[in-house]
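Novice: One structure, as structure tokens, below. Some questions next.
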Amino acid sequence: MEFEAVIGLEVHAQLLTDTKIFCGCSTKFGATPNSHTCQICLGMPGVLPVLNKKVVEFAMKMALATNCEINKSCSFARKIIFIPIFPRAIKYRNMHIPWRNMVT
Amino acid sequence: MELHQQTIHELQEKIKEGKTSAMQIAQSVFQRIDAVEERVHSYIRLMKEEALACAQKADIEIKRGNIKPLTGIPIALKDIVCTKGITTTCGSHILHNFVPPYDATVVKKLRDAGAVFVGKANMDEFAMGSSTETSYFGPTRNPWDLERIPGGSSGGSATAVAADECIASIGSDTGGSIRQPAALCGIVGLKPTYGRVSRFGLIAFASSLDQIGPFTKDVEDCAIMMNVLAGYDPRESTSVRAETPDYRQYVGREIKGWKIGIPKEYFVKGIDQEVNSAVQKTIAVLEKSGGKCVEISLPHTQYCLAVYYIIAPAEASSNLARYDGVKYGFRSPDSGDLLDMYKKTRMQGFGAEVKRRIMIGTYALSAGYYDAYYKKASQVRLLIKRDFEEAFKKCDVILTPTTPTPAFKIGEKTDNPLQMYLSDIFTISTNLAGIPGISVPCGFTSGGLPIGVQFLAGHFEEGKLIQIASAYEKNAKIEKRRPKL
Amino acid sequence: MKLSSQEVEYVAHLARLEITNKEKDKFTAQLNDILLYIDKLNELDTKGVEPMSHAIAVTNAFREDNIVDSIGTEKSLANAPDARGEFFRVPKVIE
């Protein structure tokens with residue numbers, strides 16, 4: 001029997017924005033734990049996320065730099081995962097219409 | 001008339017003329033609360049100290065001539081909107097001790113407009129229910145008959161206004177939870193267009209259906225409240241940048257030549273005879289006022305229930321996933337490892353109705369079923385919205401009964417499946433289509449129970465609702481009664 | 001096609017809800033009701049109909065990448081059922 005190795009790489013790259021993706025808390029390293037937090041990123045009742053424009057700009061730049069096709073329409077969907085590090089038990093994924101060859 | 005029995009506009013007049021003070025109004029309201037609250041149970045938490053301190057500050061501002069739209073006016077808040085430093089429970093055990101570190105946008109707007117907060121009003125747990133019987137803190141009773149439900153889920157907000165335990169209040173509406181209690185308690189309740197009033201700080205039930213709206217004693221007060229509540233909020237991604245008119249300009253205008261749509265799918269057998277009679281009288285008043293009734297059709301009405309009972313629980317199951325005992329709220333004291341902690345916390349923290357909807361929603365969204373259930377329901381939802389868009393080409397507003405029956409007794413869900421169906425149908429289509437709706441009192445049953453009539457309009461046409469509701473109120477001259485408490 | 005008892009148990013696990021046997025029977029009946037709703041919706045041909053997630057579509061709701069004051073560690077932990085120093089404490093994740 002012959003086998004062919006197929007290796008996939010899932011690469012995570014942190015975007016160098018000043019604030020988090022859905023709230024205005026600082027992303028700077030080195031502060032005391034749970035100090036760069038607010039009601040939004042702690043997932044408190046009643047809060048709502050608002051997307052950081054810079055995240056979208058950086059993702060589009062990366063897409064262009066790696067010869068990806070940028071889709072005209074993009075949406076987020078929630079995936080429910082019960083882990084303490086996910087305050088709302090939600091992970092946002094681009095579903096249905098992701099940037100081609102890119103997962104944000 | 002006592003101060004607590006008056007409306008916002010009446011009290012504002014008296015304040016401007018120096019005939020009363022914020023302190024006098026607040027004290028009148030709290031005296032009323034002392035007299036009736038034990039029997040009605042409108043509130044989960046009273047904020048008397050804060051209210052009187054606020055009233056004192058308001059009187060200083062009044063003396064300076066700095067009078068805002070709600071200066072000195074006692075307002076109740078459904079315990080679903082976050083209030084900084086004040087426990088916000090959503091009627092649930094799982095949030096019984098949650099103290100938000102922030103204010104909801106509507107709370108900030110009301111406070112900036114001078115409102116005096118009376119307390120956090122009782123509600124069905126997580127806004128899931130239509131009778132305020134599922135609150136962890138006990139039921140609220142209808143002031144018109146204490147053996148009966150006030151409606152829900154914003155029952156406490158409605159009874160507080162009906163029993164004069166506040167001058168106006170706010171509630172939330174996902175499938176009728178403002179309009180239905182307004183009808184059963186004999187007051188005015190409005191659900192705005194989706195995106196009209198900010199949801200930031202509103203504890204989410206079904207994010208694509210929820211809206212915050214006012215309960216008031218008359219239509220002019222409703223316009224005053226809407227002027228404060230409506231408007232774009234950059235903290236909410238579904239908030240719409242639509243121009244906010246001065247809603248008070250619509251009060252007192254006539255409706256000559258208006259076409260009023262009567263949906264044939266709503267006027268079927270199953271409506272209580274006295275409710276039907278009151279609604280027919282309403283139609284007669286509107287025609288005398290220059291309106292013309294036209295029959296319209298909303299052909300997908302029969303699918304609304306199925307769409308709502310897939311979408312609402314699905315969204316709720318997602319929104320309630322955050323209640324896990326990790327960062328706030330109740331955590332089960334008798335649990336083992338993390339998984340056990342999650343399961344016991346949620347089992348002990350949530351009531352039966354909430355768990356039921358979470359189960360339904362989780363199932364509808366689970367792998368393999370998402371397309372067949374949630375996606376299909378979302379497609380039919382577009383067809384429902386299109387029904388209204390077509391209808392509004394033929395009429396200015398739509399008229400329906402708000403509920404098929406008056407308030408039923410506590411603990412007694414109706415046996416009649418047709419009535420259960422109609423009680424949902426009259427209100428849920430509005431949320432599915434995102435259009436605004438208002439309920440206004442249109443009479444009483446022979447037993448003295450209030451009846452409400454509902455008007456619906458196109459997206460961002462709250463002005464039309466205020467106009468027709470105000471014209472109806474003026475021309476119908478419904479007898480002003482008070483509950484005998 | 002009705003849901004089995006195991007399927008209901010699985011849904012409860014997905015929802016992180018511990019349920020009694022009595023509740024399991026009750027939920028089985030209630031989840032089976034959804035199937036009736038689906039039958040109703042399947043009366044309609046929705047080919048080519050876009051699923052509508054929001055009645056009013058709002059696109060490109062962004063915010064600028066500007067730092068806004070956080071609420072601080074004390075306020076972040078104020079509601080914690082179990083806090084130790086600067087951390088939220090939870091039962092062991094991995095046995």
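The values are calculated or read from the model by the stated rules, or taken from the named source; none is laboratory data. These numbers were taken from a predicted model, which means no experiment stands behind them. All Cβ positions, even for glycine, are placed from backbone atoms using ideal geometry, and neighbour counts span all protein chains on display.
Novice: Within the range B:300-313, how many residues turn out to be in contact with a Ser or Thr (Cβ under 9 Å, 6 or more places away or on another chain) and surrounded by fewer than 23 Cβ atoms within 10 Å (Cβ to Cβ)?
Specialist: Residues meeting the conditions: 2.
Novice: Right, B:D103: in a helix (DSSP H, G or I), surrounded by fewer than 23 Cβ atoms within 10 Å (Cβ to Cβ) and touching a residue at least 12 places away in the same chain (Cβ under 8 Å) or not? I'd like the intermediate steps shown before the answer.
Specialist: Values: in a helix (DSSP H, G or I): no; surrounded by fewer than 23 Cβ atoms within 10 Å (Cβ to Cβ): yes; touching a residue at least 12 places away in the same chain (Cβ under 8 Å): yes.
When the stated conditions are applied, B:D103 does not pass them.
Novice: So, in the range B:3-44, how many residues would count as being of a type outside the set (G, A, S), under 30 Å from B:T134 (Cα atoms) and surrounded by 17 or more Cβ atoms within 10 Å (Cβ to Cβ)?
Specialist: Adding up the residues that qualify gives 11.
Novice: Let me ask something additional. Considering every residue within the range B:277-299, establish whether at least one is within 7 Å of chain C (Cβ to nearest Cβ) and either at pLDDT 95 or above or surrounded by fewer than 22 Cβ atoms within 10 Å (Cβ to Cβ) (or both). Walk me through how you get there before you give the answer.
Specialist: Start the filter on the range B:277-299 by keeping residues that are within 7 Å of chain C (Cβ to nearest Cβ), which leaves none.
No, there is no match, as no residue in the range B:277-299 is within 7 Å of chain C (Cβ to nearest Cβ) and either at pLDDT 95 or above or surrounded by fewer than 22 Cβ atoms within 10 Å (Cβ to Cβ) (or both).
Novice: Among (1) within 30 Å of B:K474 (Cα to Cα); (2) modelled with pLDDT of 95 or more; (3) touching a Gly at 6+ places or on another chain (Cβ under 9 Å); (4) not hydroxyl-bearing (S, T, Y), where does B:A242 come up short?
Specialist: B:A242 satisfies all of (1) within 30 Å of B:K474 (Cα to Cα); (2) modelled with pLDDT of 95 or more; (3) touching a Gly at 6+ places or on another chain (Cβ under 9 Å); (4) not hydroxyl-bearing (S, T, Y) except (2).
Novice: Checking B:Y232 against (1) closer than 30 Å to C:K40 by Cα; (2) surrounded by fewer than 19 Cβ atoms within 10 Å (Cβ to Cβ); (3) within 14 Å of chain C (Cβ to nearest Cβ), which single condition isn't satisfied?
Specialist: For B:Y232, the failing item is (1).
Novice: Something else now. Can you name the residue in the range B:354-383 that is of a type in the set (F, W, Y) and assigned to a helix (DSSP H, G or I) and, of all such residues, is farthest from the other protein chains (Cβ to nearest Cβ)?
Specialist: First, pick out the residues of the range B:354-383 that are of a type in the set (F, W, Y): B:363, B:369-370, B:373-374.
Next, only the ones that are assigned to a helix (DSSP H, G or I) stay: B:363, B:373-374.
Details: B:Y363: 5, B:Y373: 6, B:Y374: 8 Å.
Per the stated criteria, the residue is B:Y374.
Novice: Oh, and also: Say whether the condition of being within 14 Å of another protein chain (Cβ to nearest Cβ) and at pLDDT 95 or above is met by at least one residue in the range B:437-447.
Specialist: Yes, the range B:437-447 contains at least one residue that is within 14 Å of another protein chain (Cβ to nearest Cβ) and at pLDDT 95 or above.
Novice: Could you please find all residues in the range C:81-95 being at the interface with chain B (Cβ under 7 Å from one of its Cβ atoms) and over 25 Å from the mean Cα position of the chain (by Cα)?
Specialist: C:E95
Novice: So which residues in the range C:25-47 are over 19 Å from the mean Cα position of the chain (by Cα) and not aliphatic (A, V, I, L, M), if there are any at all?
Specialist: Keep residues of the range C:25-47 that are over 19 Å from the mean Cα position of the chain (by Cα), which gives C:25-26, C:29, C:32-33, C:35-47.
Within the range C:25-47, C:D25, C:K26, C:N32, C:D33, C:Y37, C:D39, C:K40, C:N42, C:E43, C:D45, C:T46, C:K47 qualify.
Novice: Would it be correct to say that A:K91 is assigned to a strand (DSSP E or B) and under 17 Å from the mean Cα position of the chain (by Cα)?
Specialist: Against the criterion (assigned to a strand (DSSP E or B) and under 17 Å from the mean Cα position of the chain (by Cα)), A:K91 qualifies.
Novice: If you don't mind, another one. Among the residues of the range A:23-39, how many are within 7 Å of chain C (Cβ to nearest Cβ) and not polar (S, T, N, Q)? Don't jump to the end; show me each part of the working.
Specialist: Filtering the range A:23-39 for residues within 7 Å of chain C (Cβ to nearest Cβ) gives A:24-26, A:32-39.
Adding the requirement that they be not polar (S, T, N, Q) leaves A:24-25, A:33, A:36, A:38.
Total meeting the criteria: 5.
Novice: A follow-up question, please. Please work out which residue is modelled with the highest pLDDT, limiting yourself to the range A:81-94 and to residues that are facing chain B (nearest Cβ under 10 Å) and touching a Phe, Trp or Tyr at 6+ places or on another chain (Cβ under 9 Å).
Specialist: Here the residue is A:F82.
Novice: Give just the number: which of (1) away from every other protein chain (no Cβ under 14 Å); (2) closer than 20 Å to B:S198 by Cα; (3) within 17 Å of the chain's Cα centre (by Cα); (4) among the small types (G, A, S) does B:G114 not satisfy?
Specialist: Status for B:G114: all satisfied but (3).
Novice: Name the residues in the range B:70-86 that are outside any strand (DSSP E or B), facing another protein chain (nearest Cβ under 10 Å) and either touching a strand residue (DSSP E or B) at 6+ places or on another chain (Cβ under 6 Å) or of a type in the set (D, E) (or both), would you?
Specialist: B:I80
To keep it simple, each residue is scored yes or no on (1) in contact with a Cys (Cβ under 7 Å, 6 or more places away or on another chain); (2) within 14 Å of chain C (Cβ to nearest Cβ); (3) touching a residue at least 12 places away in the same chain (Cβ under 8 Å).
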position	(1), (2), (3)
B:A158	yes, no, yes
B:V161	no, no, yes
B:S169	no, no, yes
B:I178	no, no, yes
B:C185	no, no, yes
B:G189	no, no, yes
B:P192	no, yes, yes
B:G195	no, yes, yes
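Novice: What's the total number of residues in the range A:47-74 that are within 27 Å of B:S207 (Cα to Cα) and surrounded by fewer than 14 Cβ atoms within 10 Å (Cβ to Cβ)?
Specialist: Residues flagged as within 27 Å of B:S207 (Cα to Cα) and surrounded by fewer than 14 Cβ atoms within 10 Å (Cβ to Cβ) within the range A:47-74 amount to 2.
Novice: Here's a follow-up. How many residues are facing chain B (nearest Cβ under 8 Å), touching a helix residue (DSSP H, G or I) at 6+ places or on another chain (Cβ under 9 Å) and either surrounded by fewer than 18 Cβ atoms within 10 Å (Cβ to Cβ) or assigned to a loop (DSSP other than H, G, I, E, B) (or both) when one looks only at the range C:55-80?
Specialist: 1
Novice: Now for a separate question. Of everything in the range C:1-54 that's of a type in the set (S, T, N, Q) and more than 7 Å from every other protein chain (Cβ to nearest Cβ), which residue is surrounded by the most Cβ atoms within 10 Å (Cβ to Cβ)? Show your work before the answer.
Specialist: First, pick out the residues of the range C:1-54 that are of a type in the set (S, T, N, Q): C:4-6, C:20-21, C:28, C:30, C:32, C:42, C:46, C:53.
Adding the requirement that they be more than 7 Å from every other protein chain (Cβ to nearest Cβ) leaves C:4-6, C:20-21, C:28, C:32, C:42.
Details: C:S4: 10, C:S5: 12, C:Q6: 9, C:T20: 9, C:N21: 8, C:T28: 18, C:N32: 13, C:N42: 13.
Going through the qualifying residues, I end up with C:T28.
Novice: What are the residues in the range B:461-481 that are farther than 14 Å from B:N227 by Cα, modelled with pLDDT of 95 or more and in a loop (DSSP other than H, G, I, E, B), if any?
Specialist: Answer for the range B:461-481, where residues must be farther than 14 Å from B:N227 by Cα, modelled with pLDDT of 95 or more and in a loop (DSSP other than H, G, I, E, B): there is none.
Novice: Separate question: Read through the list (1) assigned to a helix (DSSP H, G or I); (2) farther than 23 Å from B:G155 by Cβ, then give the number of the only condition that B:A35 fails.
Specialist: Answer for B:A35: the failing condition is (2).
Novice: Could you tell me whether A:I21 is surrounded by 17 or more Cβ atoms within 10 Å (Cβ to Cβ) and at pLDDT below 90?
Specialist: no
Novice: Regarding the range B:357-366, can at least one residue be identified that is more than 29 Å from the chain's Cα centre (by Cα) and surrounded by fewer than 21 Cβ atoms within 10 Å (Cβ to Cβ)?
Specialist: Looking only at the range B:357-366, we keep the residues that are more than 29 Å from the chain's Cα centre (by Cα), and these are B:366.
From the residues that got through so far, the ones that are surrounded by fewer than 21 Cβ atoms within 10 Å (Cβ to Cβ) too are B:366.
Checked the range B:357-366: at least one residue is more than 29 Å from the chain's Cα centre (by Cα) and surrounded by fewer than 21 Cβ atoms within 10 Å (Cβ to Cβ).
Novice: Would you pick out the residues in the range B:325-353 that are among the acidic types (D, E), free of Cβ contacts under 8 Å to residues at least 24 places away in the same chain and more than 7 Å from chain C (Cβ to nearest Cβ)?
Specialist: B:D334, B:D340
Novice: Do we find that B:I271 is more than 9 Å from chain C (Cβ to nearest Cβ) and at pLDDT below 95 in this structure?
Specialist: Against the criterion (more than 9 Å from chain C (Cβ to nearest Cβ) and at pLDDT below 95), B:I271 qualifies.
Novice: Which numbered condition trips up B:T403, out of (1) out of contact with any Cys (no Cβ under 7 Å at 6 or more places or on another chain); (2) within 12 Å of chain C (Cβ to nearest Cβ)?
Specialist: (2)
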